[in-house]
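Visitor: Take this structure, written in structure tokens, and hold onto it; I'll ask about it next.
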Amino acid sequence: MLSNYFKVKTTSKIFDEYICSLLDELKGKRIILYGMGEGFVELNKKYRFSEYWNVTAVTDLRFEKEQTFEGMRAIPPQSIAGEEFDIIVITNESSGRIINYINNVFKIDKEFKTLFCQETANEIQNIEHLEKFGFPKYLEKMKKRLKNKKIVIYDAGEFFKVIKGYYNLDGLNIIAISDKRFAQSNEKEFLGYQAVEPDKIKYLKPDYVIVATKIFRSIIEDLRHSQLKGTKIRVEPILKRSLWKILGEIWSL
């Protein structure tokens, strides 16, 4: 079964642009593709790797002997050392463990590339979290509910970077991003938005401050009782979790 991360990542503009640039970059190279799962089959339908690249072979732990897979020559991983090639392209969502496995077990000193380039820290975990709690549907409801409302996003962290990169925020009138670090830095802009320190939020006169963090209760209380005290600015999280989902998460531990 394809993961939520795979579905979100591979339908993004970021991913398509990266793959297209990689197809051009590796033209003429002799390539071994590692990782022949369901995800690769889906990607191969769209990008047709063997038509653009000189694919020497594909490999995966599932192959115990040489055979044909998706019209390409497939070999077991232990046969990689006997192949003539320039680069190994990892097609799995996570590549670090595989690269270590190939280097340590087969002692292969070759260049590696991966189809899944992580744009931000904890990208997989953050997207899986957003999908688990139904962020796409909540986002669409938020757009309707906050139509024409002025919004400041609080926290310029990796969580919001993922949201900005992989979800469509058009329809939200975001006028600025706020973070404590902006008080010490000279940043005037963040991801295309005005960057402001928390003490300056009230001067922008937003209707809402949306907290873009996984853990948000203490942050919301702090904003309400400090920087936004005495204002009518509403504060809420960018993703609400129902009581039942929170309890379910606790019970599954």
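Visitor: Any residue in segment 8-31 that is within 21 Å of VAL162 (Cα to Cα) sitting within a Cβ distance under 7 Å of a residue that is modelled with pLDDT under 95 and in a loop (DSSP other than H, G, I, E, B)? List the pairs, counting only those 6 or more apart or interchain.
Guide: That search, which allows pairs on different chains as well, returns ILE14/GLU119; TYR18/CYS117.
Visitor: Can you spot a residue in segment 79-92 that is under 21 Å from THR213 (Cβ atoms) and either part of a loop (DSSP other than H, G, I, E, B) or more than 29 Å from the chain's Cα centre (by Cα) (or both)? Walk me through it before giving the result.
Guide: Taking segment 79-92 first, the residues under 21 Å from THR213 (Cβ atoms) are none.
No, because not a single residue in segment 79-92 is under 21 Å from THR213 (Cβ atoms) and either part of a loop (DSSP other than H, G, I, E, B) or more than 29 Å from the chain's Cα centre (by Cα) (or both).
Visitor: What residue, among those in segment 193-218 that are out of contact with any Leu (no Cβ under 9 Å at 6 or more places or on another chain) and not in a loop (DSSP other than H, G, I, E, B), is modelled with the lowest pLDDT?
Guide: Just the residues of segment 193-218 that are out of contact with any Leu (no Cβ under 9 Å at 6 or more places or on another chain), to begin with: 193, 195, 197, 199-200, 203-206, 213, 215, 217-218.
Still in the running and not in a loop (DSSP other than H, G, I, E, B): 193, 195, 199-200, 203-204, 217-218.
Details: TYR193: 98, ALA195: 98, ASP199: 96, LYS200: 96, TYR203: 97, LEU204: 98, ARG217: 91, SER218: 94.
Result: ARG217.
Visitor: For segment 126-149, which positions are of a type in the set (D, E, K, R) and either touching a Lys or Arg at 6+ places or on another chain (Cβ under 6 Å) or modelled with pLDDT of 95 or more (or both)?
Guide: First pass over segment 126-149, keeping only residues of a type in the set (D, E, K, R): 128, 131-132, 137, 140-141, 143-145, 147, 149.
GLU128, GLU131, LYS137, GLU140, LYS141, LYS143, LYS144, ARG145, LYS147, LYS149 - these are the residues of segment 126-149 that are of a type in the set (D, E, K, R) and either touching a Lys or Arg at 6+ places or on another chain (Cβ under 6 Å) or modelled with pLDDT of 95 or more (or both).
Visitor: Do we find that ILE80 is under 29 Å from GLU119 (Cβ atoms), surrounded by 19 or more Cβ atoms within 10 Å (Cβ to Cβ) and in contact with a Phe, Trp or Tyr (Cβ under 7 Å, 6 or more places away or on another chain) in this structure? First the steps, then the outcome.
Guide: Details: under 29 Å from GLU119 (Cβ atoms): yes; surrounded by 19 or more Cβ atoms within 10 Å (Cβ to Cβ): yes; in contact with a Phe, Trp or Tyr (Cβ under 7 Å, 6 or more places away or on another chain): yes.
Criteria met by ILE80.
Visitor: Would you mind stating whether LEU33 is closer than 21 Å to ILE99 by Cα, surrounded by fewer than 19 Cβ atoms within 10 Å (Cβ to Cβ), touching a helix residue (DSSP H, G or I) at 6+ places or on another chain (Cβ under 8 Å) and of a type in the set (A, V, I, L, M)? Let's see the steps before the verdict.
Guide: Numbers: closer than 21 Å to ILE99 by Cα: yes; surrounded by fewer than 19 Cβ atoms within 10 Å (Cβ to Cβ): no; touching a helix residue (DSSP H, G or I) at 6+ places or on another chain (Cβ under 8 Å): yes; of a type in the set (A, V, I, L, M): yes.
No; evaluated as a whole, the condition is false for this residue.
Visitor: Before we move on, is THR120 touching a helix residue (DSSP H, G or I) at 6+ places or on another chain (Cβ under 9 Å), surrounded by 14 or more Cβ atoms within 10 Å (Cβ to Cβ) and at pLDDT below 95? Even if it seems obvious, please write down each step before you answer.
Guide: Values: touching a helix residue (DSSP H, G or I) at 6+ places or on another chain (Cβ under 9 Å): yes; surrounded by 14 or more Cβ atoms within 10 Å (Cβ to Cβ): yes; at pLDDT below 95: yes.
Here the answer is yes, as THR120 does meet what is asked.
Visitor: Can I ask one more? Do the conditions hold for GLY35, that is, is it small (Gly, Ala, Ser) and under 23 Å from GLU123 (Cβ atoms)? Please lay out each step first, then the result.
Guide: Numbers: small (Gly, Ala, Ser): yes; under 23 Å from GLU123 (Cβ atoms): yes.
Answer is yes for this residue.
Visitor: Please go through segment 219-253 and give me each residue that is at pLDDT 95 or above, of a type in the set (Ser, Thr, Tyr) and surrounded by fewer than 13 Cβ atoms within 10 Å (Cβ to Cβ), ordered by number.
Guide: SER226 - this is the single residue of segment 219-253 that is at pLDDT 95 or above, of a type in the set (Ser, Thr, Tyr) and surrounded by fewer than 13 Cβ atoms within 10 Å (Cβ to Cβ).
Visitor: Could you check segment 97-117 and list, in sequence order, the residues that are out of contact with any helix residue (DSSP H, G or I) (no Cβ under 8 Å at 6 or more places or on another chain) and assigned to a loop (DSSP other than H, G, I, E, B)?
Guide: Within segment 97-117, just LYS110 meets the criteria.
Visitor: Here are some conditions: (1) out of contact with any Gly (no Cβ under 9 Å at 6 or more places or on another chain); (2) among the β-branched types (Val, Ile, Thr); (3) outside the structural domain of ASP207 (by TED's automatic domain parsing). ILE90 meets all but one. Which one does it not meet?
Guide: Answer for ILE90: the failing condition is (1).
Per-residue answers, yes or no, for (1) surrounded by 15 or more Cβ atoms within 10 Å (Cβ to Cβ); (2) closer than 22 Å to ILE14 by Cβ; (3) in contact with a helix residue (DSSP H, G or I) (Cβ under 6 Å, 6 or more places away or on another chain):
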{"position": "VAL58", "(1), (2), (3)": "yes, no, no"}
{"position": "GLY71", "(1), (2), (3)": "no, no, no"}
{"position": "ILE75", "(1), (2), (3)": "yes, no, no"}
{"position": "SER95", "(1), (2), (3)": "yes, yes, no"}
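The values are calculated or read from the model by the stated rules, or taken from the named source; none is laboratory data. Small disclaimer: the values here were computed from a predicted structure and weren't measured. Positions of Cβ are backbone-derived with ideal geometry, glycine not excepted, and every protein chain shown enters the neighbour counts.
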